[in-house]
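The values are calculated or read from the model by the stated rules, or taken from the named source; none is laboratory data. Just so it is clear, the structure is predicted and the values come from calculations on it, not from any experiment. Here the Cβ is made from the backbone with ideal geometry for all residues, glycine too, and neighbour counts use every protein chain on show. All accessible areas refer to the heavy atoms of the entire protein, side chains included, with ligands and DNA or RNA removed. Shrake-Rupley method; radii C 1.70, N 1.55, O 1.52, S 1.80 Å.
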Amino acid sequence: MAKSIHRLSLVIAALQEVAPGVRAFTLTDPEDWPLPPFTAGAHIDLHLPSGRIRQFSLCNDPADGNRYVVTVQGEAHGRGGSLEMLALGPGTELLASLPRNTFPLAEDAGRHVMVAGGIGLTPFLSMIPVLERASADWHLHACARAAEAVPDGGRLVQVATERVTQHLSDSGSRLDLPALIAGLGPHDHLYVCGPERMIVQALEAGTGLGERLHVERFGTTVTGATAAYELELARSGQRIAVAAGQGMLDALRAAGVEVPSSCEGGVCLECKTRYLSGTPLHRDLLMSEIDRQSYVTPCVSGCSGGRLMLDL
Amino acid sequence: MKANTHIWTGVVEGLHLVPRSFLPMRTMDNLSFVKGQGIAGDRYSSGEGFYSDRPEEGRQVTLFEVETLEALWRDHGVRLMPEDHRRNITTRGVPLNHLVGRRFSVGDVVLEGTRLSTPCRHIEQITGKEIFTLLLNRSGLHARIIEPGEAFTGDPIRPV
């Protein structure tokens, strides 16, 4: 379990039903202190009471200094995080990561074209006020089953409607994504957030866009290791999966293994841990080559193979 | 005779606190220094700091040179504000790296330098700026409280 001092402490200050089965949670500091800033498209990890850690896009204006808003849709066949979240009431305290952004707005776009599938609308809700303030050229395609199923669709009505197109499958108006991509200008950037089949379609049809195509998948938005690997703890026999995008120290902590750490930047060597087999990717700034043959710093380092055995 | 008594005089450029880890620091007109504890209302006096699970008597107060902020801008084009460095006191004209083991006054408060501060990666997470390496060897000073009291922005800082 993460310690509260190593995460943000948030409290559910308000709840709002924004579509059937979809709820917006306003999260604040328990004493309404300003929260760390975020940029449009960012997300946070929330630590749910069961121990699950789930990522949620922030969907309020980044200029809001004192709150994060996340919008959650219950997924009956999901991994359980959304239903657990929907069962939480006002006043519930939750630990959270700092905001991270793996889906930022491009600075040099001629036009920002956004495609949202269902609850995939959420990151775009934080982008719209930023784009409006910058007088940027943008258009949002919001895809959903029906108008009432567009999460927070009421808020969209308040923005310039000529910039928003709703594609409602119940009404037979599905978005033709390949045609949309074919019609993009040479400086337009495309952002897609939605179900996996929509992402795959965008990646297939948008290969020619290169850096101008931005996609956000649900639930896989952390940074860190490029490929997954496994930690084996020699003393306890415990095996811990380190997901692609996850740091070694985070994976250890998530598994309840406390490794002392301090700078978390590869300098103080407080987290220096002996390894017994496997090949670490050393990213510390200070350890000698001799030490690197026996020790690894989990705060910054990774693994170049499939498994690393630690003397823990 | 104290050899270093009148070598330098500095000033409190800014005073800052925050009640919990990660939150943005707030600049205050004055801070209250409590002996044996720290700064009233700050995360390290209430056990709510990022490193509070490793208590350290010498971390009651932290200080940072405004000259380092100016150097980050001058030499690296990095704009870091006094609230961003996450120490409690922003000083001007004070050679913090010389003050480990030395006592100095901040207004009516007397502090003793305990160790040099080291940068930590979570300042990059909080500020979103790549400053960890730039802050090596100039990340400020940890201190403990010898004489408690109030200190105000603009107060003189002197060796004692």
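Which is under 25 Å from the mean Cα position of the chain (by Cα), at pLDDT below 85 and under 28 Å from A:ASP45 (Cα atoms), of A:GLY194, A:GLY219?
A:GLY219
Filter the helices (runs of 4 or more DSSP H) completely within region A:51-167 down to those with at least 1 residues that are at pLDDT below 90 and in the same structural domain as A:GLY183 (by TED's automatic domain parsing).
Passing ranges, in order: A:153-158.
Quick one: which residue in B:ASP53, B:ASP108 is of a type in the set (D, E, K, R) and either within 20 Å of B:THR27 (Cβ to Cβ) or away from chain A (no Cβ under 14 Å) (or both)?
Answer to the selection: B:ASP108.
Please verify whether B:PHE33 is away from chain A (no Cβ under 14 Å), under 12 Å from the mean Cα position of the chain (by Cα) and either buried (at least 19 other Cβ atoms within 10 Å of the Cβ) or assigned to a strand (DSSP E or B) (or both), treating the condition exactly as stated.
no
For region B:117-134, indicate whether the set of residues that are more than 14 Å from chain A (Cβ to nearest Cβ) and either of a type in the set (Ser, Thr, Tyr) or touching a Lys or Arg at 6+ places or on another chain (Cβ under 9 Å) (or both) is non-empty.
Checking region B:117-134: not a single residue is more than 14 Å from chain A (Cβ to nearest Cβ) and either of a type in the set (Ser, Thr, Tyr) or touching a Lys or Arg at 6+ places or on another chain (Cβ under 9 Å) (or both).
Can you name the residue in region B:135-148 that is part of a strand (DSSP E or B) and surrounded by fewer than 17 Cβ atoms within 10 Å (Cβ to Cβ) and, of all such residues, is nearest to the other protein chains (Cβ to nearest Cβ)?
B:ILE146
Out of curiosity, is B:LEU23 open to solvent by less than 10 Å² (accessible area, probe 1.4 Å), closer than 29 Å to A:THR39 by Cβ, in a helix (DSSP H, G or I) and touching a Leu at 6+ places or on another chain (Cβ under 8 Å)?
Answer is no for this residue.
Pick from region B:106-133 the residues that are outside any helix (DSSP H, G or I) and of a type in the set (S, T, N, Q): which of them is surrounded by the most Cβ atoms within 10 Å (Cβ to Cβ)?
Per the stated criteria, the residue is B:SER117.
Step by step: first the residues of region A:41-62, then only those that are under 19 Å from A:GLU107 (Cβ atoms) and within 12 Å of the chain's Cα centre (by Cα), then the one that is nearest to the other protein chains (Cβ to nearest Cβ). Which residue is that?
A:ALA42
Between a residue in region A:251-270 that is more than 14 Å from every other protein chain (Cβ to nearest Cβ) and at negative phi and any residue that is open to solvent by less than 20 Å² (accessible area, probe 1.4 Å) and not aliphatic (A, V, I, L, M), which pairs come within a Cβ distance under 7 Å, given they are 6 or more apart or on different chains?
Going by the 7 Å Cβ cut-off, the qualifying pairs are A:LEU252/A:PRO298.
Is it the case that some residue within region A:24-31 is more than 14 Å from chain B (Cβ to nearest Cβ) and crowded, with 21+ Cβ neighbours inside 10 Å?
Within region A:24-31, one or more residues are more than 14 Å from chain B (Cβ to nearest Cβ) and crowded, with 21+ Cβ neighbours inside 10 Å.
Which count do you get for residues in region A:234-269 that are part of a loop (DSSP other than H, G, I, E, B), surrounded by 18 or more Cβ atoms within 10 Å (Cβ to Cβ) and touching a Gly at 6+ places or on another chain (Cβ under 7 Å)?
Here the count works out to 2.
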